[in-house]
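Contents: one structure, followed by commentary.
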Amino acid sequence: MCSKQVRARGRPGGGWFGISASGNSANVITSIEVAHERDMQVIAFTGRDGGKIAAMLKDSDILLNVPHPRTARIQEVHILLIHALCDCIDTMLLEGV
């Protein structure tokens with residue numbers, strides 16, 4: 001979701017999810033800034049050292065960083081994490097956990 005979409009659809013108390021293997025993607029950084037303006041919680045998937053994104057997150061945000069130098073490996077782990085999150089959500093919704 002780009003910053004224009006966050007600005008249009010973001011609501012206080014909502015959440016925003018961003019992915020940047022480098023941690024320095026300009027569009028993700030701008031979207032996080034807008035999400036924070038909207039009092040939204042951010043979940044950020046990053047790689048390497050977390051980049052600028054790791055430094056700009058609030059205490060209430062969540063950083064899932066893959067500390068690896070290769071983009072392909074970072075993306076593989078991001079995909080695994082996304083599948084794990086989806087499984088958790090499915091379990092909570094469908095099994096009432």
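The values are calculated or read from the model by the stated rules, or taken from the named source; none is laboratory data. What you see is a predicted model; the values in this text were computed from it and never measured. Calculation scope for accessible area: heavy atoms of the full protein, side chains included, ligands and nucleic acids excluded. Shrake-Rupley method; radii C 1.70, N 1.55, O 1.52, S 1.80 Å.
With the contact rule set at Cα under 8 Å and sequence spacing of 6 or more, what percent relative contact order holds for the chain? Show your work: numbers first, answer last.
Working: 151 pairs, mean separation 22.7, N = 97.
Once normalised by length, the contact order is 23 percent.
Suppose accessible area is computed on protein heavy atoms with a 1.4 Å probe; arrange M92, M56, M40 from highest to lowest.
Working: M92 115, M56 45, M40 20 Å².
Ranked list, largest accessible area first: M92, M56, M40.
Using θ = phi - 60° and the Karplus form 6.51 cos²θ - 1.76 cosθ + 1.60, what ³J(HN,Hα) does each residue of the range 64-71 get, whole Hz, x for Gly and Pro?
Once θ is set to phi - 60°, the couplings for the range 64-71 become 10, 9, 9, x, 9, x, 8, 4 Hz.
Roughly how many percent of the accessible protein surface of the chain is carbon and sulfur, given a 1.4 Å probe and a whole-percent answer? It would help to have the intermediate numbers written out before the result.
Details: 3530 of 6170 Å².
Answer for the chain is 57 percent, counting heavy atoms of protein chains only.
Can you give the Kirkwood hydrodynamic radius of the range 5-86 from its Cα pairs, in Å with one decimal?
By the Kirkwood definition, the hydrodynamic radius is 12.7 Å.
Taking amide H positions as placed in the peptide plane 1.01 Å from N, state which residues far from W16 in sequence (5 or more) or on other chains have amide H under 5 Å from it.
Amide H neighbours of W16: Q41, V42, I43.
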